[in-house]
Each structure stands twice: as C-alpha cells, then as structure tokens.
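Below is one structure, written out as structure tokens; comments come after it.
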Amino acid sequence: MFTTILYAVLSMGGLGLLFSVLIALANKKLAVEEDPRITEIAELLPNANCGSCGYAGCANFAENLVGGKSQINNCSVCGNDAKETIARILGVDVQTGEHRVAVVFCQGGKSNATKKGDYRGVKTCLATTFVSGGERACNYGCIGYGDCVTACPFDAIHINDEGLATVDRKKCTGCGTCVSACPRGVIEMHPISHHVFVQCKNIDNPKVARSVCKHACIGCMICERAVQGVGFKVTNNLAKVDHVQYTKELVLPTDKCPTKAIVILGQADES
Amino acid sequence: MQLIIIIISSVLINNYVLVQFLGICPFIGVSKKLSPAISMGVATTFVMTITAAVAWIINQYILIGLNLQFLEIGSFILVIAGLVQLVEMFIKKTSKPLYDALGIFLPLITTNCAILGLALLLVIKEYNFIESIVFGFGSGAGFTLALVIMAGIREELELADVPSYFKGAPITLITASCIALAFMGFAGLI
C-alpha cells in the first residue's frame with residue numbers, strides 16, 4: 001500500500017518536474033524575440049481587422065510593417081495622423097497615400113439592361129451566380145441583390161432605384177470589403193481624384209454587348225481615337241481610362257461615346 | 001496489413017467525431033469555414049500522432065512498469081498539456097509560417113477530449129509502438145475528414161434557405177447527425 005502511494009507520487013511528481021524543466025529550458029532556448037514596436041504599432045492601427053491590407057488582421061499587418069514587408073499606406077482605413085506616428089516609430093517617411101474609394105463598373109440598371117427572366121430564389125448575388133446569374137442578361141454587370149451592401153462595414157454602398165450598387169464617395173473609407181464581396185468583380189478601388197471611368201465590364205463582342213445593355217462599352221474605339229490614344233485604351237472590346245496619362249486638359253470624349261459608357265463621377269462636390 | 005486495418009478503422013469505422021462523438025467542440029466551433037477547418041485538422045493530426053507515441057511510452061514503462069494503471073488519466077493529461085506547449089514553442093522557433101497557419105488552434109488542442117480519448121483507447125486496444133503511432137495518425141486524419149466535410153456543407157448552408165428557427169446551431173446539429181448516420185454505415189467494412 002505504502003509503496004504504491006510512494007511510486008505514484010514519485011512518478012507523477014517526476015513527470016511533472018520533467019515537463020516543467022523541459023518547458024522552462026525550451027522557453028529559454030526557443031525564445032523568439034518580438035520587436036516591442038509590433039505591439040506599439042498594433043495599438044495605433046484601426047484594429048477593425050478588415051483585411052484590406054492583405055494580411056490576417058491588424059496585428060499581423062503590424063508584424064509585417066516592422067519586418068519591412070509591407071507599407072503603412074496599404075492600410076486604407078487608418079487616418080493620416082496615425083500613419084505619421086507609425087512611420088515615425090518605423091523610422092521611415094510616409095507618403096500619405098491618396099484616399100481610395102470604391103467604383104461600381106456597371107450602368108446596367110432596370111431601365112438600361114435587358115432582362116432575361118424572372119429570378120425567384122435566394123436573393124443574394126452569390127447565390128444567383130450559382131444558378132442563373134440573376135435577372136439581367138449581361139454576364140459582367142451588377143446583379144443588384146446587394147451582397148456589397150451587406151458586406152460594407154461603413155454603410156457607404158447602396159442599391160439605388162435602378163437596382164444598381166452605388167457608392168457614397170464621402171462615406172467610403174476604401175477598405176475594399178465590397179470588392180471581395182462582389183461575385184462579378186464589378187467593383188474596383190480607385191483614388192478619389194479619379195473621376196472619369198468607362199463604367200462597364202462587358203468584354204463580349206459589340207453585337208452581344210449592345211443587345212444586353214444600352215450603356216455597354218462596345219469597344220468601338222471612338223474615345224481612343226478622339227484623344228489620340230492618350231488616356232483611353234481599348235482592349236478586349238472594352239475601353240479603359242488610363243489614369244496615369246489622363247489629365248484634365250484632355251477634351252472628354254464623354255459625349256462622343258455612342259452608348260454613353262463613359263461617366264464622370266462626383267467631380268463637382270469633391271474637388 | 002494490420003496497420004492498414006488500423007488506419008481504415010480509425011478514419012472511417014471508428015471515426016472520432018462522427019462515431020465515437022469525441023471532440024465535438026472543435027467540430028462545431030471550427031467548421032464554419034473550410035480553411036481554418038483544415039488548419040485545425042492538421043494541427044490535431046500532428047498532436048495526435050505525437051501524443052500516441054508518448055502516451056504509449058509512458059503507459060508501457062511507467063504505468064505498467066510500476067503497476068500504476070489507475071493514474072492513466074492524470075498522467076495523460078499532464079503529458080498532453082506539456083507536450084503541446086513544447087511543440088508550440090518548437091514550431092514558433094523553427095517554422096513561423098506553420099505556426100501562423102496553426103494559430104490559436106494548437107493551444108486549444110490541449111483541452112480537446114479527442115486527444116485524451118486517443119491516449120486512453122491506446123491502452124485498451126493494447127497496440128504496440130508502431131501501431132500506436134499509426135492509430136494516432138489515422139484518428140487525426142479521421143478527425144480532419146469529419147471537420148472538412150462539415151465545413152464544406154456549412155459553407156453551402158450559408159446560402160441555403162433555412163427556416164429561421166433552424167438557422168445556426170440547430171441546422172448544424174441536424175447536419176452533423178445525418179453525416180454521423182452515414183458514417184455508421186461503415187461499421188460492416190471490416
């Protein structure tokens with residue numbers, strides 16, 4: 001009886017001791033030194049964990065900032081003051097990045113887009129892409145069931161009367177959550193100073209594109225020719241604004257576009 | 001041959017989650033999305049394999065050797081907790097990407113009943129050392145399989161039109177029971 005108790009106490013105590021010594025040793029030997037700047041920066045970040053910087057949460061982003069693998073400008077939510085403080089901690093200069101906002105590349109609302117049928121089912125954009133792709137005939141445009149509205153943490157995107165997603169450029173923080181929420185990839189992030197866009201994503205041939213939507217870009221190249229190739233570029237039956245080359249002095253070919261696919265967004269109230 | 005039978009039996013026939021109902025907590029908790037489910041599965045498989053080896057040694061040389069079988073549960077808990085700590089520190093030092101991938105799941109496994117269940121079952125089944133390791137790995141693979149199946153279904157469930165009173169936990173439990181029933185069908189395999 002006594003020996004059993006003795007053995008039990010000794011063996012369990014021994015095991016416990018063995019593991020505690022092992023862990024204590026491992027703690028010393030395998031210690032990973034963490035930069036104190038990481039916690040400091042993590043506190044300054046918005047801690048919304050929105051993931052728009054491309055990392056898994058703000059803490060992870062802070063680690064990569066200190067490791068020099070990322071730049072503070074990749075955080076679009078963080079204010080300029082915080083960015084400067086963080087840059088001072090890191091000992092680098094900030095070039096405060098331009099504020100970016102979401103832009104919806106579609107004008108195919110109820111009155112413009114051809115309807116291909118009635119959709120009755122789960123009213124989310126993601127669900128409809130699994131079945132028929134919604135009610136509109138265009139395979140590249142906004143579906144209009146508002147997955148982006150649900151995703152937006154800042155109440156900056158809404159479905160308008162036309163059944164189209166529209167961005168409130170004043171409220172948009174540029175986190176990019178809506179970009180990943182949209183199953184069609186209709187939403188893109190652009191600097192707020194960019195106002196001219198070809199609001200279409202349709203790369204079908206002109207005949208098909210025109211049959212599905214009144215405002216589809218048909219790749220006719222009129223805009224490209226009007227500006228002699230500076231500022232507009234047509235690839236894959238779709239014109240795109242080249243914002244690097246585009247300047248305000250250029251005459252806007254907005255009115256020249258036969259389908260009115262070129263749009264000027266919110267210039268009056270911003271700049 | 002014996003080893004193959006052990007693998008098949010631990011993955012399918014005696015699946016830890018769906019047949020023996022061990023480790024239900026992570027099964028419900030970490031099966032919302034596919035990628036964390038896979039991470040959790042890999043972490044658990046890893047710990048299960050190591051636990052099987054160490055638990056066998058402890059059982060054989062300390063518990064049986066000193067005739068202390070009544071200390072099974074206590075010693076296994078001690079071993080698992082200590083081991084997971086060590087493994088975590090080791091991974092953090094040697095492979096940061098793996099550490100990041102396993103994340104919070106590694107320390108959580110310490111209190112996973114599937115791991116303790118594995119150690120206790122090893123003793124009952126009287127496997128030898130190699131068989132124990134294979135059994136540990138198979139059990140982990142079975143756990144991963146159940147978790148991945150569940151996560152896949154739950155991702156689809158998000159889109160399904162579930163009656164409002166069934167949303168969330170109820171429909172998850174019903175789904176789990178249906179999968180469990182299906183796994184019971186493997187009972188006659190060997």
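Computed from the coordinates by the stated procedures, all read-outs in this text should not be read as laboratory data. Everything numeric in this text was worked out from a predicted model, so none of it was measured. Cβ: placed from backbone, ideal geometry, glycine included. Neighbour counts: every protein chain shown.
For the protein assembly as shown, the Kirkwood radius over C-alpha pairs fed into Stokes-Einstein at 20 °C and 1.002 mPa s yields D = 80 µm² per second. For chain B, a crude dipole built from +1 on the beta carbon of Lys and Arg and -1 on the beta carbon of Asp and Glu, taken about the Cα centre, is about 280 debye to the nearest 20. Between the Cα long axis of helix B:169-184 and the first principal axis of chain B there is an angle of about 60°, rounded to the nearest 10.
When a/c is below 1.5 the answer is rounded, else prolate if a/b is larger than b/c, else oblate, so apply that to the range B:1-54 with a ≥ b ≥ c taken from the square roots of the Cα gyration tensor eigenvalues. Here the range B:1-54 falls in the prolate category. Listed by chain and number, the lysines placed with their C-alpha closer than 21 angstrom to that of B:K33 are B:K167; residues fewer than eight positions away on the same chain are left out.
For B:L121, what is the net charge nearby, where nearby means another residue's Cβ is under 14 Å from its Cβ and Lys, Arg count +1, Asp, Glu -1?
With Lys, Arg at +1 and Asp, Glu at -1, the net is -2.
The longest part of chain A holding none of the exposed loop GluC sites (Glu not before Pro), meaning those outside H, G, I, E and B in DSSP with at most 14 other Cβ atoms within 10 Å, is A:99-248. State the answer as a single residue: which of A:T129, A:C213, A:Y145 lies farthest towards the positive end of the charge dipole of the range A:127-271, with beta carbon charges of +1 for Lys and Arg and -1 for Asp and Glu, about the Cα centre. Sorting the options by dipole projection puts first A:C213.
Each of B:F21 and B:K167 was given a label point 7 Å from its Cα along the Cα-to-Cβ line. The distance between the two points is 2.9 nm. Does the range A:36-90 come out rounded, prolate or oblate by the C-alpha gyration tensor, with a ≥ b ≥ c the root eigenvalues, rounded set by a/c under 1.5 and, if not, prolate when a/b is larger than b/c and oblate if not? In terms of gyration-tensor shape, rounded. Once the Cα atoms are used to define both axes, helix B:34-57 deviates from the longest principal axis of chain B by about 20 degrees. Computed per residue of chain A from DSSP H runs no shorter than four, each worth -39500 (n - 2.57), the mean residue ellipticity at 222 nm is -9500 deg cm²/dmol.
Taken along its three principal axes, the alpha carbon spread of chain B comes to 59, 44, 30 Å, from the longest extent down to the shortest.
For the range A:100-264, the gyration tensor built on C-alpha atoms gives an oblate shape. Its axis ratio a/c (a ≥ b ≥ c) is at least 1.5, and a/b is not larger than b/c.
Of the cross-linked pairs B:K92/B:K125; A:K110/A:K260; A:K207/A:K233, those separated by over 28 Å at the C-alpha level are B:K92/B:K125. Listed by chain and number, the lysines whose alpha-carbon sits under 22 Å from that of A:K170, ignoring those within fewer than 8 places in the same chain, are A:K83, A:K248.
Electrostatic tally near B:I38: other residues with Cβ closer than 13 Å to its Cβ, Lys and Arg +1, Asp and Glu -1, net +1.
Relative to the longest principal axis of the Cα atoms of chain A, the long axis of helix A:2-29 makes an angle of roughly 50 degrees. The charge dipole of the range A:36-90, taken about its Cα centre with unit charges on the Cβ atoms of Lys, Arg (+1), Asp and Glu (-1) only, comes to about 140 debye.
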